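*Asks:* Got a structure for you, written out below as structure tokens; questions coming shortly.
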Amino acid sequence: EDQVTQSPEALRLQEGESSSLNCSYTVSGLRGLFWYRQDPGKGPEFLFTLYSAGEEKEKERLKATLTKKESFLHITAPKPEDSATYLCAVQAGGGSNYKLTFGKGTLLTVNP
Amino acid sequence: DTEVTQTPKHLVMGMTNKKSLKCEQHMGHRAMYWYKQKAKKPPELMFVYSYEKLSINESVPSRFSPECPNSSLLNLHLHALQPEDSALYLCASSQASGGAPVGGAFFGQGTRLTVV
């Protein structure tokens, strides 16, 4: 069974204090790993797709990296508006597998 | 346009009511999804349509009935729901090729459903 574990569950940072969120996964043949941002009461906002170990993607203050066992979401010099829950999800390979397996998320709070 | 539009945004319904949730996307995606999300939990997959055909039903109770009238629209018909069905219902879409998903799924803003 595919599993995704995110850590920490919650992270509180001061504005400008860089840090990383972790997503560990076990999956039978990775088709893709996805990072989403979710604000309270809203749908997840797509951030990144990573397909293979060694791949990196960047967007503004966010950088996602992927190894064979985990992914990191690095947040550089965060601002209060980066406060949200960050979700990691994996999709197993093989056939017509559309299912995303989500982690429980990391609640990030950035204080001014 | 990278938007998935869901209506209504909020819905309150009684346990004997029949209502429908609607979802629309114009990204040319051929896979569409319904997810259910409870507070402080990750989204849980309910249904997947691939090329307008039901591809996955995650053992969802029959009081939830999905429908995909065309490649841009997805409905979720609700009947005789229970209070524990109250949740945020999310629609998503993704590219598909040869019957397999391609890339990430794009989510709508959800319908906040309250069953009283």
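*Asks:* How about the stretch A:1-99: which trypsin sites (Lys or Arg not before Pro) there are in a DSSP loop, with at most 11 other Cβ atoms within 10 Å of their Cβ?
*Replies:* Of the trypsin sites (Lys or Arg not before Pro), the ones in loops of the stretch A:1-99 whose Cβ has at most 11 other Cβ atoms within 10 Å are A:68, A:69.
*Asks:* Considering only protein heavy atoms and a probe of 1.4 Å, how much of the accessible area of the protein assembly as shown is carbon and sulfur, as a whole percent?
*Replies:* On the way: 5370 of 10950 Å².
Carbon plus sulfur share of accessible area: 49 percent.
*Asks:* Going Cα to Cα from residue B:53, which lysines come in below 24 Å? Please leave out same-chain ones fewer than 8 positions away.
*Replies:* Output for residue B:53: A:99, B:18, B:19, B:22, B:36.
*Asks:* Calculate the spin-label point distance for residue A:72 paired with residue B:62, positioning each point 7 Å from the Cα along the beta-carbon direction, and give it in nanometres.
*Replies:* With each label placed 7 Å out from Cα toward Cβ, I get 5.2 nm.
*Asks:* Distance from the Cα centre of the stretch A:2-50 to that of the stretch B:12-85, in angstrom?
*Replies:* If we compute the Cα centre of each part, the gap is 24 Å.
*Asks:* Once you average over the residues of A:35-42, how many Cβ atoms of partner chains fall within 10 Å of each Cβ?
*Replies:* That works out to 4 on average.
*Asks:* What is the sum of charges, Lys and Arg at +1 and Asp and Glu at -1, for the other residues whose Cβ falls under 15 Å from the Cβ of residue A:16?
*Replies:* -2
*Asks:* Rounded to the nearest 5, what % of DSSP beta bridges with both residues in chain A are antiparallel?
*Replies:* Restricted to chain A, the bridges split so that about 90 percent are antiparallel.
*Asks:* Across the residues of B:103-113, average count of Cβ atoms on other protein chains within 10 Å?
*Replies:* Going residue by residue through B:103-113 and averaging, the value is 5.
*Asks:* Counting only other chains, what is the mean number of Cβ atoms within 10 angstrom of the Cβ of each residue in peptide B:39-46? It would help to have the intermediate numbers written out before the result.
*Replies:* Numbers: counts 2, 4, 3, 15, 8, 1, 5, 0.
Average per residue, whole number: 5.
*Asks:* Something else about it: Considering chain A as a Gaussian network with a 10 Å cut-off on Cα pairs, which listed residue, A:91, A:14, A:38, attains the greatest mean-square fluctuation?
*Replies:* Fluctuation is largest for A:14.
*Asks:* Further question on the same structure: Net charge near residue B:40: determine it from the other residues with C-beta under 11 Å of the C-beta of residue B:40, scoring Lys and Arg +1 and Asp and Glu -1.
*Replies:* On the way: positive: A:104, B:38, B:41; negative: A:9.
Spelling it out: positives minus negatives among the neighbours equals +2.
The values are calculated or read from the model by the stated rules, or taken from the named source; none is laboratory data. Please read these numbers as outputs of a predicted model, since none were measured by experiment. Note that we place each Cβ from the backbone using ideal geometry, even for glycine, and neighbour counts take in every protein chain shown. Protein only, heavy atoms only, side chains kept; ligands, DNA and RNA dropped before computing areas. Shrake-Rupley method; radii C 1.70, N 1.55, O 1.52, S 1.80 Å.
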